[in-house]
Structure formats: C-alpha cells, structure tokens
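First comes the structure, then the notes that go with it.
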Amino acid sequence: MRYCKLIMLLFFVSLVTEISFGQKIDNARKYRYAYSTDGFNQDRDDVAGSAMAVALFDKAGLSDRVAHFHFNTNFGGKPSHAEEHRKSVLQTGVLFGMIEAENAADAYFDVSRSKEERLAAIEHLSIQMSNSTLEEPLIMICAGGVQTVYLALEKAIQDGAQKETLSSTTFLSHGKANEITARKKSDNPDYHNNWASLELLLPNARFIDYTSSLVNGRREGGVNASQNSTAWNQSPRNKKKGNIPWKWLKDYGENVEGFGFSGTKGEWLLGRLKAAGAPEIGHNGNAEGDASDAGMIFGYVLSQPTDATMEDIKQYFMGN
C-alpha cells in the first residue's frame, strides 16, 4: 500500500511539473523574439551561445516565434571567427528545422557578410519593432553590443512608427560589458551608440538590464553580475572544464544529418561548444563550453532558473 502511495505521489509531482512547464511555454508563445549577437574578435563565446540559443527556442517549440536573428555585429566588419559563428546560427537552424536553408531569404542575417545584408538586417528588424503591439509584443534579446539594434530602432522611428507602438518592445541584456560597449571616438557614427542610447531614443520601452533579478537573480537572494556566473559558462578562462560538464548532451535529441555531420542534436551542440575554444588568441580566447548568452532565454523567456545549475539545464533538455 505504501509503495502504491509513493507511485501515486511521484505521478502527481510529475503531472504538476508538466502542467507548470506547459503554462510557461503558453506564456512564452504570447511574444515574438528578436536576437542580436556580436561575435567580437576578442571573445568567441557567441560560437557556443548562439547555437544554444537556437537549441533552446527549438526545444521549447518557439521556432515560429523567432521574428528576427542577426549576428556578427563585430566592430569594423567581419570577425575572425565569422565562419564558425555562421555555422552555429545558420547550420544549427537548418539541422534543428528552424530554417529551410543556410542561405535562404529569411529572418536570419550575418551582418558582417556584406553591406547589403547588414542594411537588410536593419530594415527587417525595424519592421519587426514597428509590428510590436501590446497584444503581441516583441522581446529584443541583446547578446552583445546594441549598435545594429539602435540603427533598426532609429529607422523605425524615421519611417513613421509610433513611439507608443514601439514602446511595447522589451529590451533584454545580461551583462554590463555589452551594455556599455561603444566606440565614441570612432569616425563611424554607427559605433557611438550603446544601451544608454537606446533608452534615450525610446524612454518608455521596458529595459531589463544586467542588474535585474528577472535575468540574473540568485535563488538565495541578490543578483549575479551576469550569466557568466551560472552553469551556462563552463569555459577554461572561467576556471571550468570546458566541454566536460556538457558531455550528457550527446544523448539529447534525434539524429540529424547535414553539412558533413551525422549524429544527435546534442552531439552537434557539443561540437559548437568546442568550437568556441580558441586559446591561441589570448587570455580571453578560450571560451570552450561558454554558452552564457543563452542563459537569458532560459531564465527570462522560458521561466527557468536565472542562476541555472548544470542539473537545471540537463533536466530541461533531457527531462519530459
């Protein structure tokens, strides 16, 4: 009898957990999402973070809610690891069924590939911002400097979008470095703007920065400095073991094939996490296993712990 009660209790707990997660996903589907990431030369973490961002949207069934995704917004043009970053976004997108082809005319843009693609990204994002409403608001996830985001917002305003409409957009960031990044002395005025510039341009929008518990909160109270303080960052430069804590990923997901790869979705992600490592480029280079930017999606969008442990992340991907 006691054994039967235990089984019933475990079933009930599992059912409540499943319903709770389902409610979180239903809430997440009310929004549209735009994602911006830099790929700066001094830091290859985006090679890991962008692939994991795609994987999180895919796992949550939110692929159709991603309205815009641009990457490689490196100062001065194409970053040295542009090809690896492109694989992490576009090839992951294809393998995980989010986009049809690597170079399709869709909502995904490598802004370093050409001037035309950069301008197309700005145009496309400005339209997505203009389409934001209280009923179907846009969440702008800023996983890097916001120069391209600023230009898109500026264009939306110049093209006649009402600030009241644009103000339904939420801007999300998890790190101070990304928010203050700018080159005020640059001859290129595009590089002068940062998070503070966005706030001045659209003061009535919702800005969730690195000081917010909604993105960096700790379960025991207080706020982490960024998602780098969580299990999303396993990089050697962070005195962690790189891909080793992520090895459970090899059993995640169905088999996928393409781009010379054949294996599980998790095995593909392990390859992307590995590709972020580059100790040869200096003290800030070895970002193997650093998917910290994806922590914003995990915590804020999916209502999972904002101070995620590896067990939290594993349970999300490998649990029911």
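The values are calculated or read from the model by the stated rules, or taken from the named source; none is laboratory data. All of these numbers come straight from a predicted model, not from anything done at the bench. A quick note on method: Cβ atoms are made from the backbone with ideal geometry, for glycine too, and the neighbour counts reach across all protein chains shown. Calculation scope for accessible area: heavy atoms of the full protein, side chains included, ligands and nucleic acids excluded. Shrake-Rupley method; radii C 1.70, N 1.55, O 1.52, S 1.80 Å.
Could you run through region 115-144 and say how many residues are farther than 24 Å from Thr165 by Cα and open to solvent by 40 Å² or more (accessible area, probe 1.4 Å)?
Summing the residues that are farther than 24 Å from Thr165 by Cα and open to solvent by 40 Å² or more (accessible area, probe 1.4 Å) in region 115-144 gives 3.
Looking at Gly221, Gly289, Gly217, Gly266, can you tell me which residue is without any contact (Cβ under 8 Å) to a residue 12 or more places away in the chain, of a type in the set (Gly, Ala, Ser) and under 27 Å from Met140 (Cα atoms)?
Unique residue meeting the criteria: Gly221.
What are the residue pairs meeting all of these: first residue in region 74-92, first residue within 10 Å of Val47 (Cβ to Cβ) and touching a residue at least 24 places away in the same chain (Cβ under 8 Å), second residue among the acidic types (Asp, Glu) and part of a helix (DSSP H, G or I), Cβ atoms under 7 Å, and 6 or more apart or on different chains?
Close Cβ pairs (under 7 Å, with a partner that is among the acidic types (Asp, Glu) and part of a helix (DSSP H, G or I)) amount to His85/Asp46.
Among the residues of region 151-168, what is the count of those that are closer than 24 Å to Pro189 by Cα and either modelled with pLDDT under 95 or open to solvent by 30 Å² or more (accessible area, probe 1.4 Å) (or both)?
7
Out of the residues in region 74-95 that are more than 18 Å from the chain's Cα centre (by Cα) and small (Gly, Ala, Ser), which is most open to solvent (accessible area, probe 1.4 Å)?
The selected residue is Ser80.
Count, please, the residues in region 173-196 that happen to be part of a helix (DSSP H, G or I) and either open to solvent by 30 Å² or more (accessible area, probe 1.4 Å) or not aromatic (Phe, Trp, Tyr) (or both).
The qualifying residues number 10.
Could you please find all residues in region 23-48 being farther than 24 Å from Gln128 by Cβ, touching a residue at least 12 places away in the same chain (Cβ under 8 Å) and over 16 Å from the mean Cα position of the chain (by Cα)?
Asn41, Gln42
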